[in-house]
Amino acid sequence: MKTKKVLLGFMIIFLISLTTMLLFAQEQAEVDKGKDTGIAEPEVSREKEEKGESIVELTSDQVSYDKENDSMVFSGNVVIIQEDATLTADLASFNVGTKIGQISGNVKLVKEDITITGEKLEAFLNDKKYIFENQVELVQEREDSKGEPDNITWKCRKLEIFTGTKNMTATGEVLITKKDYTITALEAIYDDAEDMISLTGGVKIEELANDRKISGEKAVFHIGDDKLDVTGGVRSTMILD
């Protein structure tokens, strides 16, 4: 009787061990299957997202690749798409390693409500930074409190924009026009989160409707509130009735 109990105990232990081994083997097989079938790809995608990586799509009529200089030249109907920013041009030359490009010919960048044109452009794809030069014009589509069009137009010699934030800096004979205002300065910095333009260098503001003029060394234009703060050697003129 005692011998039977011992044998029964050994059998129970054996069955438990066998079940554990089978479960482990099944789990390992599923892991190996996942590796073979590419099930682990979502982990890779999440890893890329965490690193802030993005995919840039480039199309054109023709492309030339110079292996020695690690460069690619796209020509004819060039279209570059990076997330929700679309760039079009006639010619684009990129260093493959640095992802920096020189772009020219009918250059236009569209990012949500912003459209920018210029004669030439330097693109830093890794930083989502674009620097326009010569005959630069930017139009930002906006509406006033009544829902009427109230666009802002920028003209300058040079403009730098980060498409990730829409923050930008304009330099060189900056001219900004809005329905009620004309503003000139040497430099204008736009903060999209604050909806604010900081101006420096010979700032001049003209309110067309009321025929008022204000000038100073610096100014801050709170666009949404239609409020201007001017500092440094301020001068103002008003037309009396």
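The values are calculated or read from the model by the stated rules, or taken from the named source; none is laboratory data. If you're wondering where the values come from, they're calculated on a predicted model, not measured in any experiment. Glycine gets a Cβ as well: all are built from the backbone with ideal geometry, and neighbour counts include every protein chain shown.
Just a few scattered comments:
- Taking the stretch 59-94 as the range and being among the aromatic types (Phe, Trp, Tyr) and either at pLDDT below 95 or under 20 Å from the mean Cα position of the chain (by Cα) (or both) as the test, the residues that pass are 65, 94.
- Single condition residue 126 does not satisfy, out of (1) under 17 Å from residue 93 (Cα atoms); (2) at pLDDT 95 or above; (3) not hydroxyl-bearing (Ser, Thr, Tyr): (2)
- Some residue of the stretch 233-240 being of a type outside the set (Lys, Arg), touching a residue at least 24 places away in the same chain (Cβ under 8 Å), part of a strand (DSSP E or B) and closer than 21 Å to residue 171 by Cα: no
- Some residue of the stretch 133-156 being closer than 24 Å to residue 199 by Cβ, within 13 Å of the chain's Cα centre (by Cα) and among the β-branched types (Val, Ile, Thr): no
- Considering only residues in the stretch 158-201 that are surrounded by 15 or more Cβ atoms within 10 Å (Cβ to Cβ) and of a type in the set (Gly, Ala, Ser), the one that is farthest from residue 238 (Cα to Cα) turns out to be 164.
- A single entry from 229, 191, 211, 225 fulfils the requirement of being closer than 19 Å to residue 154 by Cβ and not hydrophobic (A, V, I, L, M, F, W, C): 191.
- Scope the stretch 164-184; condition of a type outside the set (D, E, K, R) and on the phi > 0 side of the Ramachandran plot; matching residues: 172
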